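First comes the structure, then the notes that go with it.
The values are calculated or read from the model by the stated rules, or taken from the named source; none is laboratory data. Note that the coordinates shown come from a computational prediction; the quantities given were computed from them, not determined experimentally. All Cβ positions, even for glycine, are placed from backbone atoms using ideal geometry, and neighbour counts span all protein chains on display. Keep in mind that these areas ignore ligands, DNA and RNA; they rest on the heavy atoms of the full protein, side chains included. Shrake-Rupley method; radii C 1.70, N 1.55, O 1.52, S 1.80 Å.
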Amino acid sequence: MNKLQAEQKIQSLLLYMAESIEKGNWHKIREADRQLMSLINEAKQAAWFVSFEPKLLLLKQDYEKKIQLINAQKQDVSKKMQRHQIDSDGILAYKQLTESAD
């Protein structure tokens with residue numbers, strides 16, 4: 001793999017990751033992340049990697065933004081699950097109260 005191929009593949013994986021984030025497809029996000037890490041580790045072994053590092057820093061910033069978005073989405077899902085649990089507990093308590101009143 002040469003430098004251009006590596007850059008194109010990284011950009012392609014970042015795009016795929018962004019699309020998967022929008023769709024909430026966590027398995028595809030995880031797979032893209034794994035492929036990115038593997039590709040970067042492979043690139044680190046190449047002679048051209050030193051000249052690629054400045055570009056990699058820019059790509060890393062894009063990656064970090066995606067990770068922040070994922071974390072925000074996870075927190076949102078967690079909050080929704082907590083609200084759902086509280087609502088479910090309230091509904092169950094109300095149901096038991098109304099059934100016992102009958």
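Here are the numbers for this structure:
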item: Residue list for the stretch 5-30, filter: under 20 Å from GLN61 (Cβ atoms) and free of Cβ contacts under 8 Å to residues at least 40 places away in the same chain; result: GLN8, LYS9, SER12, LEU13, LEU15, TYR16, GLU19, SER20, GLU22
item: Every residue from the stretch 3-39 that is under 23 Å from GLN73 (Cα atoms), among the charged types (D, E, K, R) and touching a Ser or Thr at 6+ places or on another chain (Cβ under 8 Å); result: LYS28
item: Which numbered condition GLN45 misses (of (1) in contact with a helix residue (DSSP H, G or I) (Cβ under 9 Å, 6 or more places away or on another chain); (2) open to solvent by 90 Å² or more (accessible area, probe 1.4 Å)); result: (1)
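Matching residues to (1) open to solvent by 100 Å² or more (accessible area, probe 1.4 Å); (2) in contact (Cβ under 8 Å) with a residue 12 or more places away in the chain:
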residue: ALA32; (1), (2): no, yes
residue: MET37; (1), (2): no, no
residue: ASN41; (1), (2): no, no
residue: GLN61; (1), (2): yes, no
residue: SER88; (1), (2): no, no
residue: THR98; (1), (2): no, no
